[in-house]
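These notes are about the structure you will find just below.
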Amino acid sequence: MPRLACPEEPRGTLHVVQRGRARLACFSCAGDRAVYLRALRACAEREQCAVHAYALMGNHVHLLFTPARTAGAARLMPAIAACYTRHLATAYDHEDSVWEEAYDASPVQARRHLLACMRYIEENPVRAGLAARPGDYPWSSYRANALGDDDALVTPHPHYYSLGRSPDERRAAYAALFARAGERITPVSRRRSGSLSPRARSRS
């Protein structure tokens, strides 16, 4: 799986966007998204990539992660694609990959850029009309980063840790970034990261 030109140095944080072929839907249902997240966690552990933020949309995926080794994205993205292709073959008898050949990878270094990138990723479902607030969408990292939900996939970035001395301070400061951007944050009842919402739809 080729990538767009981008340096993939070890310990360099990347914002990766993987799109579906011809902008078609990559997920048919909530179960597909759950399978993708399990594949992402397993592949990220194997390829030594720390995932800081994510959002699964209808026809594309946003990931923010830091690889411990060189060419982390070049290792991670094909591994996820292969796992998900096996799922599609088993579940739907669909043999071809749903992803475009190239993914877009951009380095994110400065603190304010990294936090802005996290906010951009987790606000994506709201901009796409999939949820009224970031916390309403179950297929992103917002509930882990802003509300403290358990999500074994998410590893906080050092810049995230700099938001406060305690987990509560960090979550409050992170949520405030959304409020300052014009997004009203309303606490919602916590549920485990694997829980499902029937509202999940295949939209961009």
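The values are calculated or read from the model by the stated rules, or taken from the named source; none is laboratory data. These numbers come from a predicted model, not from an experiment. Virtual Cβ from ideal backbone geometry, glycine too; neighbours counted across all protein chains shown. Keep in mind that these areas ignore ligands, DNA and RNA; they rest on the heavy atoms of the full protein, side chains included. Shrake-Rupley method; radii C 1.70, N 1.55, O 1.52, S 1.80 Å.
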Pairs with Cβ under 7 Å, 6+ apart, first in the range 105-128 and within 16 Å of N145 (Cα to Cα) and of a type outside the set (D, E), second part of a helix (DSSP H, G or I) and open to solvent by 20 Å² or more (accessible area, probe 1.4 Å) | R111/H159; L114/H159; L115/H159; L115/L177; R119/L177
Residues of the range 63-77 being open to solvent by 10 Å² or more (accessible area, probe 1.4 Å) and of a type outside the set (D, E, K, R), which ones?
-> T66, A68, T70, A71, A74
Any chance you could count how many residues in the range 38-48 are surrounded by 18 or more Cβ atoms within 10 Å (Cβ to Cβ) and either within 14 Å of the chain's Cα centre (by Cα) or assigned to a helix (DSSP H, G or I) (or both)?
-> 4
Over the range 56-72, the set of residues under 18 Å from V98 (Cα atoms) and in contact (Cβ under 8 Å) with a residue 60 or more places away in the chain is L56, M57, G58, N59, H60, H62
Looking at the range 132-147, which of the residues that are part of a loop (DSSP other than H, G, I, E, B) and modelled with pLDDT of 95 or more is nearest to A53 (Cα to Cα)?
-> S141
If you go through the range 88-99, how many residues are open to solvent by 40 Å² or more (accessible area, probe 1.4 Å) and either touching a Cys at 6+ places or on another chain (Cβ under 9 Å) or in a helix (DSSP H, G or I) (or both)?
-> 3
Within the range 9-28, can one find any residue that is farther than 21 Å from D96 by Cα, buried (at least 21 other Cβ atoms within 10 Å of the Cβ) and not aliphatic (A, V, I, L, M)?
-> yes
For the range 60-73, indicate whether the set of residues that are over 17 Å from Q109 (Cβ atoms) and modelled with pLDDT under 95 is non-empty.
-> yes
Determine whether the range 106-116 contains at least one residue that is hydrophobic (A, V, I, L, M, F, W, C) and farther than 25 Å from R11 by Cα.
-> no
Does any residue in the range 156-168 that is assigned to a helix (DSSP H, G or I) come within less than 7 Å, Cβ to Cβ, of a residue that is basic (K, R) six or more places away or on a different chain, and which pairs are these?
-> H159/R111; Y160/R170; Y161/R170
Are any of the residues in the range 100-114 over 22 Å from L37 (Cα atoms), part of a loop (DSSP other than H, G, I, E, B), open to solvent by less than 20 Å² (accessible area, probe 1.4 Å) and of a type in the set (A, V, I, L, M, F, W, C)?
-> yes
